[in-house]
Every structure is written in structure tokens, then in C-alpha cells.
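Written below as C-alpha cells is the structure these notes are about.
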Amino acid sequence: MNHLQLVSEPASQPASCSKPVELYVFIDLLHPDSWSLHSTIKRLEVNYGQYFSLRFILSTELSSLNVACHRINNCTSQEELVDLTHPVLPSIAVKAAELQGKKAGYRYLMKLHEYYTIDEKSVLSCNTLTEIAKEVLLDLEEFETDFRSLEASRSFQGDLCITREMGVQEVPSFVFFNENIEDEGLKVSGTYSFEVYEHILSEMLDIELIQNQPPTIEELFNKFHTLSVKEVASIYNISEKAAERELKKNMLQQKVERINCKNHSLFRLKAY
């Protein structure tokens, strides 16, 4: 593998949680390859989530970033933003959601992914981004205020600084850090098979990984909301045909529903 590199952890970052590995995931919300990496992330979380914490770093480079942020920050009400569309808006929205907590930010990011792949709505639109905030049950008034704040845009600019500081020139990229802050992290640029990341995690910990027991289908969908047949097959280590049968059984039981997208199908918990 020729896309491995040692990097130092940003000195300004807070100490990681009690899990022994911190995984920085550098993504561009406007780049399809960044979204495709989520399948690997889901499988890593299910199998080995006890070993690492996740931190997403938004790395969308935009020449008009300062102009867009200035325009957003100068809006005094949500009404002024209704018709605003710009490539920077999804990143600012994720950062606004994160101000309500890491879990809130993650829920928002996953729902943004769902809109991007399923509903095929413009995630560059302020209206769509506000709709996502409603769906993931954020405090809407707080979200709208934070979205227009300098804090959200500065947080996104902070991500861009981390991207430059770590020398990340390709998205998506992973950077693995262990709990020893004096050790350098391992940067993995581009996308690889699940087994490559599994091996790196094992090497970072210097142990043989113990795989978690897979959750039930309902637990899996409660965590990730939307999944493909291929993702279900990989998580349960079964064939795609077997995964398709299991999902169809859950459809007959009115537990999940199929969503037909432009080029593929996804499944999600059935809405009542």
C-alpha cells in the first residue's frame, strides 16, 4: 500500500475519550467517494466499535468560502436564508448541528447522507438542510441561530486547518491515533477494503481484535437508519442472497421498507 503516511495529531485538539484509538475520517460532503466509505465505517463500528472513537473532519475546499460564510453570517433571520443555495451550506449545517452535541452532529450527517443518496434533493439548499434538522429532532430554533453564527463557520474553517495541518490531500482519508499522544498517527489516503482497516486497527492496538456479536436487524436499522443489501451481508458475514431474503422477511413483517433510488435500492425501518 503506497498511501500510508505518519502524521502528528493537532496540538490544539482535546484529549480523546477512553477508547484506545481515535479515528479521524476526512470527507468531502460533495464527493461521492466520501459517501461510499460509510459502508466500511458502519461495519467497523458494528464489529469493533469498542476500540475506537470517530471524528469526522469536513474537507470541502471552496474558493468562495469566505464570501459564502460572510453572506450567511450577515443574515439576521431564517427568512433571509430560505432561497440561499451554495456548496458550503452542508458543511456549515453539520457544524451547526454539532453545536448541539457530537451525537446530534452524527445524526445530522447520516440523515444528510440519506437525503443525498435517497431523496436526491439538493443538499446545497438551505430549505433542505433545515428540513433535515427537523427530521433528526434537533432544537430547530437553536440550529437556525447556530447556522447563521460565526461559530459554525469557524468550526468548519477549523476542519480545513486540520486537513492542511495533517497534509491530507485526498478524500476520503483515515488517520488513526492511539492513546499515546507522543506517537504519530497513521494516515491512510483513499479507499481500501474493510480488511485493510481491520488490519491497521489490530496493528495500532498490537492485539488480536475481538469482534462484537452482531446486533439484531432492528437494532442495526435503529443505529444506521438506511442500509443496502451489500452492507447487511457484510455486517452479518452472509451472502447477498441470504441478506436479501432476511430483508424481504422483515418487509413482510412490516418492519422495514425498500427505497428505490436512481441506481440502487436501500432499506430503512418502516415509517408509521
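The values are calculated or read from the model by the stated rules, or taken from the named source; none is laboratory data. Please read these numbers as outputs of a predicted model, since none were measured by experiment. So basically every Cβ, Gly included, is an ideal-geometry build from the backbone, and we count neighbours across all protein chains shown. With ligands, DNA and RNA removed, areas are computed over all heavy atoms of the protein, side chains included. Shrake-Rupley method; radii C 1.70, N 1.55, O 1.52, S 1.80 Å.
Brief remarks on what is shown
- The chain: most fluctuating residue of Gln100, Gln253, Gln157 per GNM, C-alpha cutoff 10 Å: Gln253
- Take the Cβ atoms of Glu170 and Glu240, set R0 to 30 Å, and the FRET efficiency comes out at 0.55.
- Carbon + sulfur, % of accessible area of the range 217-269 - ligands and nucleic acids excluded, 1.4 Å: 47
- Heavy-atom accessible area, probed at 1.4 angstrom with all protein chains present, ranks Glu182, Glu231 as Glu182, Glu231, highest first.
- Magnitude of the charge dipole, the chain, Cβ model with Lys/Arg +1 and Asp/Glu -1, debye to 20: 980
- The value given for the chain is a Kirkwood hydrodynamic radius of 19.8 Å, derived from the mean inverse Cα-Cα separation.
- With all protein chains kept in place, the per residue accessible area of the chain amounts to 51 square angstrom at a probe of 1.4 angstrom.
- Normalised by 2.2 N^0.38 Å, where N counts its residues, the alpha-carbon radius of gyration of the range 162-270 equals 1.37.
- Ordering 111-118, 203-210, 43-50 by mean Cβ neighbour count within 10 Å, with the highest value first, yields 111-118, 43-50, 203-210.
- Cβ-defined net charge surrounding Ala152, 12 Å radius [Lys, Arg +1; Asp, Glu -1]: -3
- Residues Thr216 and Glu135, FRET efficiency given R0 of 22 Å [Cβ-Cβ distance, rounded to 0.05]: 0.40
- Among beta bridges from DSSP that stay inside the chain, the antiparallel ones total about 75%.
- Taking each DSSP H run with n ≥ 4 as -39500 (n - 2.57) and averaging over every residue of the chain yields -13500 deg cm²/dmol at 222 nm.
- Each Lys or Arg adds one and each Asp or Glu takes one away; over the other residues whose Cβ falls under 12 Å from the Cβ of Thr216, this sums to -1.
- Given Lys111/Lys241; Lys111/Lys230; Lys102/Lys134; Lys95/Lys230; Lys19/Lys102, the pairs whose alpha carbons are separated by over 23 Å: Lys111/Lys241; Lys95/Lys230
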